[in-house]
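Heads up, the thing below is written out as structure tokens.
Nothing in this text is a laboratory measurement; each read-out follows from the coordinates by a stated rule. From a predicted model like this one, the values you see are computed outputs, not experimental measurements. FYI the Cβ positions are ideal-geometry reconstructions off the backbone, even for glycines, and counts take in every protein chain you see.
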Amino acid sequence: MSVEMLRDANPVPPEQTAGSVHEERAQRLLASILMEKPSRSLSERLRALSRPRLVRTVVVAATLALVALAFSVTLPLGGGSHGGGKIQLGILGRAAAAIPDKGPVVHVVWQQPDFASNSPAMTLRYEEWLDRGNGTDHLIISKGRKALDSWRISGKHYLASNTLLNETTEPYFFGSIAGAPFASLIEDYRTALSDGKIVLVGPGRVLGKPVLWVRLRCPKGDLTPGQLFITCAERLALDKHTYLPVVSELHTFKQVQIWNGDHTTWSWAPTYQQSDALQTAGSGVPMRYRILTVELIPRDKANINPPERLFKH
């Protein structure tokens with residue numbers, strides 16, 4: 001409504017000047033009309049009311065999600081030296097469930113560098129089957145088209161075929177070629193999971209993937225020196241989505257300074273506590289292994305039955 005319309009509705013005599021009672025009344029009426037908020041429909045009012053409530057709801061939900069995320073990230077790493085904590089137990093439970101027991105044979109496929117070389121490239125491929133019932137172990141090591149097919153049956157070693165090594169390189173079998181005994185390691189890892197003897201080290205990244213690092217609790221007095229070395233030095237990386245082992249590393253041990261017998265000099269003594277440093281081969285290549293397959297399968301799906309010709313070699 002304009003001033004002209006108000007004047008038409010409330011005519012002012014021409015002889016009256018601006019500022020008269022009629023003009024002031026018209027101005028006040030116009031001001032009151034212009035300042036009045038237009039009426040809104042019911043839907044508009046509901047939208048106006050619901051929007052702040054929706055924002056508050058979203059903010060509260062986001063806050064709760066952040067709090068839950070913080071607890072899920074921090075609680076697993078706060079279990080103390082014994083690796084406790086409810087969230088951590090959940091993680092280790094999922095790790096145990098990630099390898100379902102579908103048979104008596106442990107089947108593992110992994111890659112590792114040829115430690116006799118100066119390259120950390122994963123050039124050696126391993127496939128191993130371990131029968132948990134009778135201890136038969138079958139291992140095939142390949143590099144390109146060359147391969148070595150070996151068996152361990154009732155504690156004895158048999159060589160089915162060998163195009164990978166010759167007599168001059170045979171000693172390297174125990175170093176650059178032999179690698180880690182993964183099938184038995186995986187079996188020890190599963191047993192440690194069920195017995196609560198796995199320690200969660202923490203999150204990390206390896207080979208471009210986010211992982212959770214775990215290690216076996218080291219039972220120092222119960223193992224031989226060789227077993228002690230493998231068990232206490234080994235660290236496994238679990239995929240954060242599948243909880244399956246995807247990488248294995250051998251870590252060095254922390255050292256402490258001690259006095260000699262007559263307390264005149266200091267010396268360094270090894271411990272059985274893992275450090276964050278990787279062990280390296282003589283060539284300086286880090287002792288890291290990439291795990292491709294970990295599963296428990298029935299015998300009819302495993303390459304675990306030795307050929308008769310094997311015992312004639």
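If you count Lys pairs in segment 105-312 whose Cα atoms are under 18 Å apart, skipping same-chain pairs closer than 8 places in sequence, the total is 4. Taking label positions 7 Å along the Cα-Cβ direction at both S154 and R205, the computed distance is 5.3 nm, reported to one decimal. Distances between placed amide hydrogens fall under 5 Å for L292 paired with V109, W110, Q111, all partners being 5 or more residues away or on another chain. Paramagnetic label reach from T293 (point 7 Å along Cα→Cβ; backbone nitrogen cut-off under 20 Å): within segment 89-103, residues 98-103.
As an exercise, use a Förster radius of 22 Å and the Cβ-Cβ distance of N305 and T163 to find the FRET efficiency, rounded to the nearest 0.05. E(calc), rounded to 0.05, equals 0.50.
Sorted on the mean count of surrounding Cβ atoms within 10 Å across their residues, most packed first, peptides 148-159, 294-305 read 294-305, 148-159. Each other residue within a Cβ distance under 14 Å of G208 adds +1 if Lys or Arg and -1 if Asp or Glu, for a net charge of +4.
With a Förster radius of 41 Å applied to the C-beta separation of K197 and W268, the computed FRET efficiency comes to 0.90.
Charges on Cβ only, +1 for Lys and Arg, -1 for Asp and Glu, centred on the Cα centroid of segment 105-312; of L165, S142, A269, which one is farthest towards the dipole's positive end? Value computed over the given set: S142. Values of log10 I(q)/I(0) for segment 105-312 across q = 0.16, 0.19 Å⁻¹ run -1.17, -1.53, by the Debye formula with one identical scatterer at each alpha carbon and no solvent. Net charge in the neighbourhood of L139 (other residues with Cβ under 10 Å of its Cβ; Lys, Arg +1, Asp, Glu -1) is -3.
3J(HN,Hα) couplings calculated from phi for segment 200-209 with the Karplus curve 6.51 cos²θ - 1.76 cosθ + 1.60 (θ = phi - 60°) are, in sequence order, 7, 7, x, x, x, 10, 8, 6, x, 10 Hz; Gly and Pro show x.
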